[in-house]
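Written below as structure tokens is the structure these notes are about.
FYI, it's all coordinate maths here, none of it is from the lab. Everything quoted here is computed from the prediction, not taken from an experiment. Positions of Cβ are generated from backbone atoms using ideal geometry, with glycine treated the same way; all protein chains shown enter the neighbour counts.
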Amino acid sequence: MDTSPFTPGAPRDEPAEFSRSELGLANRNSGALLELLDADITPTGTHYLLNHFDVPLIDAGTHALEFTGAFDAPFRLSMAEIMALPAITRPVTLECAGNGRAGMDPRPVSMPWLHEAVGTSEWTGTPLAPLIERARPRASVQDLAFIGADEGFDKGVPHPFGRSLTPQELAELDVMLVWGMNGAPLLPQHGAPLRLIVPGWYGMASVKWLTRVEALEHRYHGFQQVRTYRFRQHEDDAGVPVTRIHVRALMKPPGVPDWFTRARWLRPGRVRLSGRAWSGGGVPIARVEVLLDGAWREATLRPRADTYAWTGWHIDWDATPGAHDLACRATDAEGNTQPLEPPHNLGGFANTAVQRVPVHVADA
């Protein structure tokens, strides 16, 4: 019997076991709309959003960024002074470290992302490195901590959201202080009036509502640095830090959707499939393959707009009547390829197992 969602009277899936807390997280946060993957730049209102605590409303007229700690020349800058610095605008693809978490088995209990926690925006700001140099960090500095204005509890521990980079990491990364997004000021939920952008790393490193840069003569032990965002196999595992984005490709779902399942329906004939692929650290995409009629076929790549922006791809498919399971996978220039099945870790981070797109091809 045909049980596709496009059959009148087809039953819906049994309810999934998501907790009320996870439902609350999903209502507060949001993923990108995959049908907009053809856009080089993600429209601001559809860029993915993940905020740990409440969104603070900060007056840009009085906000200042402090450089404190083990600097020989500490200072503070108002937003007007920051925006008077040499400005750059560059497209950067950001992805949440938990993207794909809901596809793991067992499923870690947290924000239940499927594939949509990614987006590419044109970020406007100024390079951070010259300001660190101006503050003159001492030779003994081991970490630079970036502290946001948002604060709350996680696992019973009160803390502001903070992350750190070592001096060596800072020297290797094109870190930006950002005040603009897609030609407009940052929105409150995206970190207004000032945030960090760490290109090529997962989004947790790009601290929002930035208030303080602190030079430390020891490693930073903030909760979001040492208690989460680590690849761990069990609770007693110290794990390794989550840093660089792993290689991934996504497909723009073809045809039209069933409202509930998001399965796709399209007419028989030639159809152009398209999507995006990216990898961390500025590493380019070498190949995207698409699973069509049981065989992997190589797609055509389009040039990326910048070192840290995603790459477009497309392939033509002669769709024949029936049920099809499409998939896509990317390989980067370092030879990293997406897995077919997700490797498990306790936090559900960096699940880049290939996206599956069920498609029903039939005449109207």
Open item on the list: Give me the extension gain from Val240 to Gln168: residue separation times 0.36 nm, minus the current Cα-Cα distance, reported in nm with one decimal.
Closed with: 24.2 nm
Open item on the list: From the phi angles alone, apply the Karplus equation (6.51, -1.76, 1.60; θ = phi - 60°) to the stretch 297-304 and give each ³J(HN,Hα) in whole Hz, x where the residue is Gly or Pro.
Closed with: 10, 7, 8, 8, 9, 10, x, 7
TODO: Could you size up the charge dipole of the stretch 156-229 around its Cα centre, putting +1 on the beta carbon of Lys and Arg and -1 on that of Asp and Glu, and report it in debye to the nearest 20?
DONE: 280
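Suppose every K and R has +1 on its Cβ and every D and E has -1 on its Cβ; what is the size of the dipole of the stretch 20-241 about the Cα centre, in Debye to the nearest 20? Write down the numbers at each step before the final one.
Values: 18 positive and 26 negative charges, 67 e Å.
Using Cβ point charges on Lys, Arg, Asp and Glu, the stretch 20-241 gives about 320 debye.
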TODO: Pop out the ³J(HN,Hα) list for the stretch 197-213 in order, Karplus 6.51 cos²θ - 1.76 cosθ + 1.60 with θ = phi - 60°, rounded to Hz; leave Gly and Pro as x.
DONE: 10, 10, x, x, 9, 4, x, 4, 6, 8, 4, 8, 6, 5, 10, 8, 10
Task: Surrounding net charge for Glu81, when Lys and Arg each add one and Asp and Glu each subtract one, Cβ distance under 13 Å - done: +1
Task: Inter-site label distance for Arg287 and Arg107 at 7 Å from Cα along Cβ, in nm - done: 3.3
Open item on the list: If I model a spin label as a point 7 Å beyond the Cα along the Cα-Cβ vector, how far apart are those points for Thr7 and Ala26 in nm?
Closed with: 2.5
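If packing is taken as the average number of other Cβ atoms within 10 Å across a peptide's residues, how do 239-250, 260-271, 218-229 rank, most packed first? Each step should come with its number before you reach the end.
Values: 239-250: 20.7, 260-271: 14.0, 218-229: 16.5.
Answer by packing, highest mean first, reads 239-250, 218-229, 260-271.
Can you order the peptides 199-209, 309-319, 25-35, 345-355 by their average number of other Cβ atoms within 10 Å per residue, highest first?
On the way: 199-209: 24.2, 309-319: 19.9, 25-35: 16.7, 345-355: 21.9.
With the highest mean Cβ count within 10 Å placed first, the list reads 199-209, 345-355, 309-319, 25-35.
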Task: Dipole-positive endmost among Gly162, Val240, Met111 within the chain (Cβ charges, Cα centre) - done: Gly162
TODO: Determine which residues of the stretch 334-364 fall in the zone a paramagnetic label at Arg219 would reach in this model, i.e. backbone nitrogen under 15 Å from the point 7 Å along Cα→Cβ.
DONE: none
Task: Computed FRET value (nearest 0.05) for Thr337 with Arg232, which takes r as the C-beta separation and R₀ as 22 Å - done: 0.40
TODO: When a/c is below 1.5 the answer is rounded, else prolate if a/b is larger than b/c, else oblate, so apply that to the stretch 106-241 with a ≥ b ≥ c taken from the square roots of the Cα gyration tensor eigenvalues.
DONE: oblate
- [ ] Just report the Cα centroid separation between the stretch 261-326 and the stretch 135-150, whole Å.
- [x] 42
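How much of the DSSP bridge set in the chain is antiparallel, in percent, rounded to the nearest 5? Numbers along the way, then the final one.
Numbers: 76 of 83 bridges.
Percent antiparallel among DSSP bridges in the chain is about 90.
Highest first, please rank the peptides 110-119, 79-88 by the mean number of other Cβ atoms sitting within 10 Å of their residues. Don't skip to the answer; put the middle values down first.
On the way: 110-119: 20.8, 79-88: 14.1.
For the peptides 110-119, 79-88, the packing ranking is 110-119, 79-88.
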TODO: Would you mind checking which residues have amide H under 5 Å from Trp265's amide H? H placed 1.01 Å from N; only 5 or more apart, or other chain.
DONE: Val256, Asp258, His360
TODO: Among Trp278, Ile82, Tyr229, pick out the residue whose Cα is farthest towards the positive end of the charge dipole of the chain, where Lys and Arg carry +1 and Asp and Glu carry -1 on C-beta, about the Cα centre.
DONE: Ile82
- [ ] Any chance you could check the Cα centroid distance between the stretch 245-260 and the stretch 153-228 for me, in angstrom?
- [x] 29
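Per the helix-only calculation at 222 nm, which mean residue ellipticity applies to the chain, given -39500 (n - 2.57) for every DSSP H run of n ≥ 4 and division by its residues, nearest 500 deg cm²/dmol? Please report the intermediate quantities before stating the final value.
Numbers: 5 runs with 31 residues, N = 364.
Computed mean residue ellipticity for the chain: -2000 deg cm²/dmol.
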Open item on the list: Compute, for the stretch 236-364, the length of the dipole vector about the Cα centre, with Cβ point charges of +1 (Lys, Arg) and -1 (Asp, Glu) only. Units Debye, rounded to 20.
Closed with: 480
Open item on the list: In whole Hz and in residue order, list the ³J(HN,Hα) couplings for the stretch 162-168 that follow from phi through the Karplus curve 6.51 cos²θ - 1.76 cosθ + 1.60, θ = phi - 60°; x for Gly and Pro.
Closed with: x, 9, 9, 9, 6, x, 5
Open item on the list: Give me the one-decimal nm value for the distance between modelled label points at Arg136 and Glu66, 7 Å along each residue's Cα-to-Cβ direction.
Closed with: 2.1
